[in-house]
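Student: Shown below is the structure under consideration.
The values are calculated or read from the model by the stated rules, or taken from the named source; none is laboratory data. What you see is a predicted model, and the numbers here were worked out from it, not measured in a lab. No Cβ is skipped: glycine too gets one built from the backbone with ideal geometry, and neighbour counts run over all protein chains shown.
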């Protein structure tokens, strides 16, 4: 505390503001005015090569499955059921990766966990390249899924613990931005490369990540939790530049580490600073999947075909590019607009768009059932294609709602649950709590994906999308009541909020 007091005095003295009216917020401003962000951006770039790899894994199945379904080698040719498992089994690996990542970040640190997760990324793609049967394809997908699960947990934590409050939202949003960039990269590369060369491309980003991460520091918060004060100060000097008096930030983090440090035990789950953020984090992850994102993406190709796009594979690239653009917009405005307002706007857009999707399917089914009536009969051209009758062709309605949904998801419920997860947990429970959040996300993603067809059979397509619309409405209510605004707050201030201190 003596170091912190002395550094605080120097902060004021250097700026000629040594007076009794200057509070903690002014101290933060004085300190952050001296910070240089160049190396922080470099460290963030090195880390988000992981989510880029993760996105490539998610996007890989889309161009690969059609080719694997037509393979001349019967040992690796996929039927419909095998193709379904090839696409979805990655979520099982990711759920396991979330559990593994929670253990790794607490035991060996954020940096080393991130470097080690590149091993199953590369090895998984190598197994796919060398596949001699379907089970090798499955194994490769599980391994890349495992790496994706670890990455989805570790990278947000690494970035949130490195970044300061002025840029943490933007830096944290880069995680989702690189995920959707990886998906788009897989779609684009799949236009020209076969599934083996595509797997080779997928192994490049994790390899680069290992190389870059060798030169990046461990997070100061983890180092201080291990009692390594000199190493923490060195890491902060690297991240904040030569002019910032990092002793002040180091002392502030150290005080918080002493208050919330120690070993996690079951009794800690009774503390509001643990169970409150854990509830918020898990529900954010569940609501992200209950928005219907997988259902919308499942229908994307069909919708483009009904809108008479000749190349549905190119249309999926357009969808991915839309996600990239609006996720980038979210990253740019995150630290200005705030997390909470973007979640609410996103929820409203998705609730409206999924409700319209339900209307689209309802009208389509009615039109189909009444197609024998003269006034609703569909005239066919000589080529056997549907005429562009505006009453008959409802594809524009689906395209509009899909565009609104993707825009809304990219602005809020895509990036923000991962960002908030990385901000709200105390240091000693960060690995455990984050692993539960990641497990909730990937576990629910698998369940929803595998039961989606059964749900449509039970509720009809229209009813299913109206259910998703209701879920989006619920996430608006949940956000309004339970999710705190973390814009411009230090991690210590956010943790204090869950103890009962107003933000």
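Student: Does residue 378 fit the bill of being surrounded by 12 or more Cβ atoms within 10 Å (Cβ to Cβ) and at pLDDT below 50?
Tutor: The answer is yes for residue 378.
Student: Can you confirm whether residue 121 is assigned to a helix (DSSP H, G or I), over 21 Å from the mean Cα position of the chain (by Cα) and in contact (Cβ under 8 Å) with a residue 24 or more places away in the chain?
Tutor: Working: assigned to a helix (DSSP H, G or I): yes; over 21 Å from the mean Cα position of the chain (by Cα): no; in contact (Cβ under 8 Å) with a residue 24 or more places away in the chain: yes.
No: the conditions fail for residue 121.
Student: Look at residue 199 and say whether it is closer than 27 Å to residue 322 by Cβ, buried (at least 22 other Cβ atoms within 10 Å of the Cβ) and within 21 Å of the chain's Cα centre (by Cα). Quick ask: steps written out before the conclusion?
Tutor: Working: closer than 27 Å to residue 322 by Cβ: yes; buried (at least 22 other Cβ atoms within 10 Å of the Cβ): yes; within 21 Å of the chain's Cα centre (by Cα): no.
No: the conditions fail for residue 199.
Student: Let me ask something else about it. Can you say whether residue 415 is more than 17 Å from the chain's Cα centre (by Cα), at negative phi and surrounded by 24 or more Cβ atoms within 10 Å (Cβ to Cβ), as far as the supplied structure shows?
Tutor: Judged against the criteria, residue 415 is not a match.
Student: Hey, can you tell me all the residues within the range 334-354 that are surrounded by fewer than 19 Cβ atoms within 10 Å (Cβ to Cβ) and in a helix (DSSP H, G or I)? Walk me through it before giving the result.
Tutor: The first filter runs over the range 334-354 and keeps only residues surrounded by fewer than 19 Cβ atoms within 10 Å (Cβ to Cβ), leaving 336-338, 340-341, 344-345, 348, 352.
Matches in the range 334-354: 336, 337, 340, 341, 344, 345, 348, 352.
Student: For residue 487, only one of the following conditions fails: (1) assigned to a helix (DSSP H, G or I); (2) within 21 Å of the chain's Cα centre (by Cα). What is its number?
Tutor: Among (1) assigned to a helix (DSSP H, G or I); (2) within 21 Å of the chain's Cα centre (by Cα), the lone unmet condition for residue 487 is (1).
Student: For residue 150, indicate whether it is buried (at least 24 other Cβ atoms within 10 Å of the Cβ) and within 17 Å of residue 442 (Cβ to Cβ).
Tutor: yes
Student: At pLDDT below 90 and either farther than 30 Å from residue 224 by Cβ or surrounded by 19 or more Cβ atoms within 10 Å (Cβ to Cβ) (or both): which single residue out of 410, 392, 473 fits that description?
Tutor: One residue alone meets the criteria, 392.
Student: May I pose another question? Condition (residue is part of a helix (DSSP H, G or I) and at pLDDT below 85) applied to the range 276-295: is it met by at least one residue?
Tutor: We begin by selecting, within the range 276-295, every residue part of a helix (DSSP H, G or I); these are 276-290, 293-295.
Now drop any that are not at pLDDT below 85, which leaves 294-295.
Yes, some residue in the range 276-295 is part of a helix (DSSP H, G or I) and at pLDDT below 85.
Student: Hey, another quick one. Could you pull out the residue among 84, 88 that is at pLDDT below 90, out of contact with any helix residue (DSSP H, G or I) (no Cβ under 6 Å at 6 or more places or on another chain) and within 27 Å of residue 203 (Cα to Cα)?
Tutor: Result of the check over 84, 88: 84.
Quick grid of which residues meet (1) modelled with pLDDT of 85 or more; (2) assigned to a loop (DSSP other than H, G, I, E, B); (3) surrounded by fewer than 24 Cβ atoms within 10 Å (Cβ to Cβ):
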site	(1), (2), (3)
419	yes, no, no
422	yes, no, no
428	no, no, yes
439	yes, no, yes
443	yes, no, yes
449	no, no, yes
452	no, no, yes
459	yes, no, yes
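Student: If I ask for residues that are touching a helix residue (DSSP H, G or I) at 6+ places or on another chain (Cβ under 8 Å), closer than 19 Å to residue 321 by Cβ and part of a loop (DSSP other than H, G, I, E, B), which ones from the range 183-196 would you list? Steps first, answer last, please.
Tutor: Within the range 183-196, the subset touching a helix residue (DSSP H, G or I) at 6+ places or on another chain (Cβ under 8 Å) is 183-191, 193-196.
Those left that are additionally closer than 19 Å to residue 321 by Cβ: 183-191, 193.
Correct list: 191, 193.
Student: Another question about this same structure. Restrict the check to the range 219-228 and report whether at least one residue is touching a residue at least 12 places away in the same chain (Cβ under 8 Å), crowded, with 23+ Cβ neighbours inside 10 Å and outside any helix (DSSP H, G or I).
Tutor: yes
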